[in-house]
Number of protein chains: 2
Amino acid sequence: MKEFIECVANFSEGRNEVTIAALQAAVRSVREVHLLDTHRDVDHNRAVLTFVGPPEAAKWAAYRAIRVACEAIDMNQHRGVHPRIGAADVIPFVPLRAEQLPTCIEIARELAEQVGKELEIPVYCYGAAAFAARNRNLERIRMGQYEWLKENIARDADRHPDFGPARMGPAGATAIGARGPLIAFNVYLASSETDHARTIARNIRQSSGGLPCVKALGLMVGGQAQISMNLTDHRITSISAVIRAIENEVRQLQVCIDRAELVGLVPLAAMMEDARRHWHLPDLSSDHILEARIGQIRETGGEDFIAE
Amino acid sequence: MKEFIECVANFSEGRNEVTIAALQAAVRSVREVHLLDTHRDVDHNRAVLTFVGPPEAAKWAAYRAIRVACEAIDMNQHRGVHPRIGAADVIPFVPLRAEQLPTCIEIARELAEQVGKELEIPVYCYGAAAFAARNRNLERIRMGQYEWLKENIARDADRHPDFGPARMGPAGATAIGARGPLIAFNVYLASSETDHARTIARNIRQSSGGLPCVKALGLMVGGQAQISMNLTDHRITSISAVIRAIENEVRQLQVCIDRAELVGLVPLAAMMEDARRHWHLPDLSSDHILEARIGQIRETGGEDFIAE
């Protein structure tokens, strides 16, 4: 059975049903690729498609979806609260086992070259697939967003793409990369004051001295203050640790948490911290979870048989 | 790909390495059967083997292990703190999907007949596989344990087995059945007073007015007071709910929890309650867990492909 990798493709369209359906169809059109989740948000004006498949198939599915996005989305018309540089904004490949990272890097760079050449849009390789150290960090690539980059991509040598032309059409630019599992997680406050979300985001994120491996923005979504987060290593800062930090913050601001929201899926290991803590089982691992063990058998084909 | 069912076979041997290895080898000797876990305890003097496989293969693996147990374990020499009636004490088959319960019942009854006939030991069908209503409940079957049953099995019509002779040899009797997923979970107190564990067990178990779907015994294990539990429906009473109840009890007794212990594996769904509660995600399900989704694809072969 072929090993899967994951792709979590972010497109700058969260409103137009037809475009989102076309993106989904593009992913599903590749044999052996499985679309697991589509998360869309009207205010972010963004759709996140999570899919898995063998590396070459996943690459091909991403390529087809990027092509759809570049044809259907006009960045000059795009408004949304989430930072973005292009129609196919960010395309990360994610190893399902740590050993697959080199494969994800290779696939990301191959796809970047193909997209740059065939679709003629500027492509940055980011994360573990970055060629230049400055492109490791996605926030840096997105700095100034579509509007700024459109004016400056040719001028600023630092912002020249790895593949494709140093000019921006209506599809904008795209970042294609490889990274470890990441948890995209939003918390809504029972408040319509964006400032509350901004204050909390600033206090909890690593870049301003908060929790390690936490990125956070304060946004306004559906009339509610939202803290939009990426947890880049849940082994270092877990979902529960972030929630506890936010609970402390909201108390001080005298607001409260309304609800949370996952963007895409979470790895099983992300659930372990709570169980270890609350169940008094410090050694609990996914090896103790029935479905995880059966999944391993299905994956390996099972070599447990010993002839009598 | 063939569907698996689970078997959680309990044997009255937790000390003798050679016997435990022989039980494991018997399970592993059947093609397509996967031994996932062996939990052993010296004080319980018991080993619990968790394995999965296609129904017929799982039945055959259970049969071989029961045969080993009946040959190797002499109940007249057996001492342990956990109630038991025989060498192969309890053999439940467990559906991995609710729809498999009829299959598990069928397999249990076929195995019961085969064991009664070929190994000539008394067999009770229990749980969902019970023929008589009085045998639905395992505690009732085990009442008086091996020693009492040995004296009374022929005399007491109520205790006549479903298959095999109404007399007990050194292998004792066995209960073979079908049941839903059950969590076997022990909590150790930082105390050597068995009475503390007994008091807590009495206060939390359903049979004395405590939490629904919780069975509990207070035992002495490795010099520590242990609350040994079965959670028969974690959707009704979760691991976390039991822990919270025990935490309340220990405060009143002025002792504390030392640690917990799982016997066998837990279903993924048992982890959801904590995450829903603590992550502010009331709708979280196993569909949001990456590995669970990939497991489903592996299980079904994946029919997600749509030709362009």
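The values are calculated or read from the model by the stated rules, or taken from the named source; none is laboratory data. Since this is a predicted model, take the numbers as computed values, not measurements. Counting neighbours? That spans all protein chains shown, and the Cβs are built from the backbone with ideal geometry, glycine included.
From the set of residues in region A:113-127 that are of a type in the set (A, V, I, L, M, F, W, C) and either assigned to a loop (DSSP other than H, G, I, E, B) or in contact with a Ser or Thr (Cβ under 9 Å, 6 or more places away or on another chain) (or both), which is surrounded by the most Cβ atoms within 10 Å (Cβ to Cβ)?
A:Val123
Quick one: A:Ala216 ticks every box in (1) crowded, with 21+ Cβ neighbours inside 10 Å; (2) away from chain B (no Cβ under 13 Å); (3) assigned to a helix (DSSP H, G or I) bar one, so which box is it?
It fails just one condition, (3).
Quick check on my filter: what residues within region A:283-308 are at pLDDT 80 or above and within 8 Å of chain B (Cβ to nearest Cβ)?
Correct list: A:Leu284, A:Ser286, A:His288, A:Ile289, A:Leu290, A:Glu291, A:Ala292, A:Arg293, A:Ile294, A:Gly295, A:Ile297.
Can you find a residue in region B:193-202 that is out of contact with any Cys (no Cβ under 7 Å at 6 or more places or on another chain), modelled with pLDDT under 95 and crowded, with 22+ Cβ neighbours inside 10 Å?
no
Would you call B:His280 free of Cβ contacts under 8 Å to residues at least 12 places away in the same chain, on the phi > 0 side of the Ramachandran plot, within 11 Å of chain A (Cβ to nearest Cβ) and touching a strand residue (DSSP E or B) at 6+ places or on another chain (Cβ under 9 Å)?
Answer is yes for this residue.
Of all residues in region A:267-277, which are in contact with a Pro (Cβ under 6 Å, 6 or more places away or on another chain) and within 8 Å of chain B (Cβ to nearest Cβ)?
Across region A:267-277, the qualifying residue is only A:Pro267.
Tell me whether region A:4-17 contains one or more residues that are away from chain B (no Cβ under 14 Å), surrounded by fewer than 23 Cβ atoms within 10 Å (Cβ to Cβ) and in a helix (DSSP H, G or I).
Looking through region A:4-17, at least one residue is away from chain B (no Cβ under 14 Å), surrounded by fewer than 23 Cβ atoms within 10 Å (Cβ to Cβ) and in a helix (DSSP H, G or I).
Residues that are in a loop (DSSP other than H, G, I, E, B), on the phi < 0 side of the Ramachandran plot and touching a residue at least 12 places away in the same chain (Cβ under 8 Å): does region B:287-308 have at least one?
Taking every residue of region B:287-308 in turn, none turns out to be in a loop (DSSP other than H, G, I, E, B), on the phi < 0 side of the Ramachandran plot and touching a residue at least 12 places away in the same chain (Cβ under 8 Å).
Being out of contact with any helix residue (DSSP H, G or I) (no Cβ under 6 Å at 6 or more places or on another chain), farther than 21 Å from B:Ser228 by Cβ and assigned to a loop (DSSP other than H, G, I, E, B) is the filter here; which residues of region B:137-161 pass it?
B:Ala154, B:Arg155, B:Asp156, B:His160, B:Pro161
Going through B:His78, B:His39, B:His82, B:His44 one at a time, which residue ends up being farther than 20 Å from B:Met229 by Cα and either touching a residue at least 40 places away in the same chain (Cβ under 8 Å) or buried (at least 22 other Cβ atoms within 10 Å of the Cβ) (or both)?
B:His78
Only one of B:Ala130, B:Ala65 is under 18 Å from the mean Cα position of the chain (by Cα), assigned to a helix (DSSP H, G or I) and surrounded by 15 or more Cβ atoms within 10 Å (Cβ to Cβ). Can you tell me which?
The unique qualifying residue is B:Ala65.
Just one of B:Ala21, B:Ala25, B:Ala57, B:Ala62 is on the phi < 0 side of the Ramachandran plot, away from chain A (no Cβ under 11 Å) and out of contact with any Cys (no Cβ under 8 Å at 6 or more places or on another chain); which is it?
Among B:Ala21, B:Ala25, B:Ala57, B:Ala62, only B:Ala21 is on the phi < 0 side of the Ramachandran plot, away from chain A (no Cβ under 11 Å) and out of contact with any Cys (no Cβ under 8 Å at 6 or more places or on another chain).
As an exercise: evaluate A:Val68 against (1) within 23 Å of A:Tyr126 (Cβ to Cβ); (2) within 11 Å of chain B (Cβ to nearest Cβ); (3) in contact with a strand residue (DSSP E or B) (Cβ under 9 Å, 6 or more places away or on another chain) and give the number of the one condition it does not meet.
Just one mismatch for A:Val68, condition (2).
Can you tell me which residue within region A:254-281, out of those that are surrounded by fewer than 17 Cβ atoms within 10 Å (Cβ to Cβ) and at pLDDT 90 or above, is farthest from B:Ala245 (Cα to Cα)?
A:Gln254
Which of the residues that make up region B:235-266 are part of a strand (DSSP E or B), facing chain A (nearest Cβ under 9 Å) and hydrophobic (A, V, I, L, M, F, W, C)?
B:Ile257, B:Ala260, B:Leu262, B:Val266
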